[in-house]
Amino acid sequence: MEQIALALFTCLILAVISKSLSLPPIPFYILAGIFLGNSGLKIIGADEVFHFLSQLGLIFLLFYIGLELKPERIRSRGSAFLIAGFIDLNINLLLGFFAALAIGFSYYEAFVVASAFYISSSAMVIASLIENKKLILPESETAVWLMIFEDIVLVFLIFIISTEMQHPFVLILKVIAVVCLLFAIVKILKRALLKLLQRDDELPVILTFSAVLFAVFISKYLDIPEVLTVIALGSALSTTNPKAFERISRPFKDVFLVLFFFFFGISIEFSGNLSLMQALVISFVAIISKLFSGFLVGRAVHGSYSSGIEIGTNIIARGEFSIAIAAIYGSGIVSATVTAMVILTSIVGSFMAKYSSKIKAGLARHFKS
Amino acid sequence: MSIRSTELPGIGTKYELETEKGDKVAIVFMDPGRIQLYILEKESETPVAAELNAWEARRIGSILTGAIIEAEREAVEIAFSALSDLRISIHTYIIGKNLAGKSIGELAIRKMTGVTIIAVSRKGKNVINPPPSFSFEEGDVVVAIGEHDQLKTFESEVLGV
């Protein structure tokens with residue numbers, strides 16, 4: 001108990017500091033976990049309860065993401081959404097994969113690293129667009145929708161990574177069955193759910209919490225990744241009243257997710273033969289790769305290089321999803337690599353996003369002269 | 001010159017307007033009641049923006065629509081779009097002991113301050129447009145209309161507050 005309280009208080013203080021410096025708090029939570037946990041001072045150890053709460057953080061994050069994936073909303077997006085999404089996917093997944101292979105990971109590990117490498121942090125990208133007051137720019141719209149595209153791809157990436165442990169055919173049947181089941185249940189109960197959500201007592205909260213835990217239970221029972229079930233549940237419930245579910249699940253997500261990052265930091269062990277150099281190489285490539293893909297997206301969607309720089313500089317930060325992928329599937333060495341990448345890209349990314357207009361102006365001068 | 005609204009997932013809704021002269025104005029409503037107001041000047045790449053809370057946004061909205069109605073404690077200020085420099089305030093006051101028994105005519109309220117008493121509420125009963133002969137009692141709630149400065153004079157000269 002005191003471990004969790006200590007962890008949360010440490011994170012609270014760090015969040016205050018990082019926000020006053022306009023830096024994303026996630027890398028600080030992880031660093032705090034590293035310093036106070038197994039690889040550091042060993043003040044805070046991880047017990048069962050801590051582990052469970054941190055799992056809840058991940059689960060509520062993914063549920064929340066699922067709520068944003070409204071099927072009809074995505075269907076109505078135009079071709080620009082797909083073009084931007086595919087450019088971003090191809091460049092980053094391939095570059096990440098080959099960079100990881102080049103520094104000595106196995107094929108499976110390289111794929112996990114590449115997935116973490118590909119997926120930007122929606123939370124950080126969105127927070128920085130708001131913070132830096134860029135929402136009027138058409139490029140920020142592209143960037144925000146790119147995050148949605150990445151979230152959809154995340155589902156497939158997790159699916160592919162999971163086929164390492166199970167036969168893909170069996171897994172796909174089970175996943176399709178669960179997705180159909182969830183959507184069907186929500187469809188049948190839609191009226192009752194909407195009515196329940198309107199109440200202002202504790203029932204909507206109990207409903208949300210138990211629905212999410214129920215999805216986890218189904219996953220355990222059928223042996224499919226709970227990540228997929230929870231996202232599917234969120235997406236199914238987004239057809240009812242997603243705003244209400246977001247409002248209710250947000251406090252759970254906010255608190256438990258902090259514990260998730262901290263816990264991830266505690267459990268990292270730097271005992272593998274990952275050299276600092278390798279981690280730096282991957283992080284550096286991760287920054288270049290997003291700048292490059294953003295640049296191409298800007299050219300393709302907005303027809304200008306300067307839009308490309310704007311998009312590229314805004315999507316560098318990797319965060320919660322990369323950590324999630326590493327936490328679920330990564331070996332120690334993969335986790336350590338991804339951690340280094342998240343810390344570096346999120347901090348560099350936040351500065352580049354802040355000074356994107358200066359970068360654009362500087363480059364424009366450079367190319368004119 | 002049409003308003004375009006777009007959804008920004010994870011953020012909220014953005015309303016955009018390109019003005020006749022080519023400047024862009026955007027308003028973003030974010031989910032927990034924060035609002036950002038943007039202006040992007042024609043041919044500029046760097047927007048300026050202000051972050052507003054719900055109250056500030058409503059205030060700006062009502063200024064732009066031309067009718068400022070601000071309910072600040074017991075005062076209301078009204079402005080008309082066609083008469084941009086006319087600002088009328090309506091204020092309520094409670095009559096104290098010092099004015100009890102005195103009539104509106106006796107106090108020469110309008111002559112002295114320019115303020116007109118348009119209504120008096122006494123023990124739940126309302127008198128609209130009280131005549132000059134109307135005498136105040138302690139505890140009457142009066143509704144006074146005038147310009148901001150006239151009301152200030154009324155407060156200091158007549159009410160003695």
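The values are calculated or read from the model by the stated rules, or taken from the named source; none is laboratory data. All values reported here derive from a predicted model rather than from experimental measurement. Because the Cβ atoms are built from the backbone with ideal geometry, glycine has one as well, and the counts that use them run over all protein chains shown.
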| query | Can you spot a residue in region A:119-140 that is in contact with a helix residue (DSSP H, G or I) (Cβ under 8 Å, 6 or more places away or on another chain) and away from chain B (no Cβ under 14 Å)? | reply | yes
| request: Report yes if A:Phe217 is part of a helix (DSSP H, G or I) and over 17 Å from A:Tyr64 (Cα atoms), otherwise no. | output: yes
| task | Give me a count of the residues in region B:95-109 that are in contact (Cβ under 8 Å) with a residue 40 or more places away in the chain and in contact with a helix residue (DSSP H, G or I) (Cβ under 9 Å, 6 or more places away or on another chain). | result | 6
| said: Could you check region B:24-72 and list, in sequence order, the residues that are at pLDDT 85 or above and small (Gly, Ala, Ser)? | reply: B:Ala26, B:Ala49, B:Ala50, B:Ala57
| task | Return yes or no: is B:Leu8 in the same structural domain as B:Ile60 (by TED's automatic domain parsing) and within 21 Å of A:Ser76 (Cβ to Cβ)? | result | yes
| remark: Being modelled with pLDDT of 90 or more, in contact with a helix residue (DSSP H, G or I) (Cβ under 9 Å, 6 or more places away or on another chain) and surrounded by fewer than 24 Cβ atoms within 10 Å (Cβ to Cβ) narrows A:Arg318, A:Arg299 down to just A:Arg299
| query | Just checking, how many residues over region A:237-267 are small (Gly, Ala, Ser), buried (at least 21 other Cβ atoms within 10 Å of the Cβ) and in a helix (DSSP H, G or I)? | reply | 2
| remark: Among helices (runs of 4 or more DSSP H) entirely inside region A:74-144, those with 3 or more residues being under 16 Å from B:Gly10 (Cα atoms) are A:122-131
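Residues checked against (1) over 24 Å from the mean Cα position of the chain (by Cα); (2) assigned to a loop (DSSP other than H, G, I, E, B); (3) not acidic (Asp, Glu):
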{"residue": "B:Glu106", "(1), (2), (3)": "yes, no, no"}
{"residue": "B:Met112", "(1), (2), (3)": "yes, no, yes"}
{"residue": "B:Ala119", "(1), (2), (3)": "no, no, yes"}
{"residue": "B:Pro131", "(1), (2), (3)": "yes, yes, yes"}
{"residue": "B:Ile145", "(1), (2), (3)": "no, no, yes"}
{"residue": "B:Gln150", "(1), (2), (3)": "no, no, yes"}
{"residue": "B:Glu155", "(1), (2), (3)": "no, no, no"}
{"residue": "B:Val158", "(1), (2), (3)": "no, no, yes"}
| From the list A:Gly33, A:Gly66, which residue is touching a residue at least 40 places away in the same chain (Cβ under 8 Å) and closer than 12 Å to A:Phe264 by Cβ? | A:Gly33
| task | Within region A:193-245, track down each residue that is among the charged types (D, E, K, R) and closer than 22 Å to A:Leu58 by Cβ. | result | A:Lys220, A:Asp223, A:Glu226
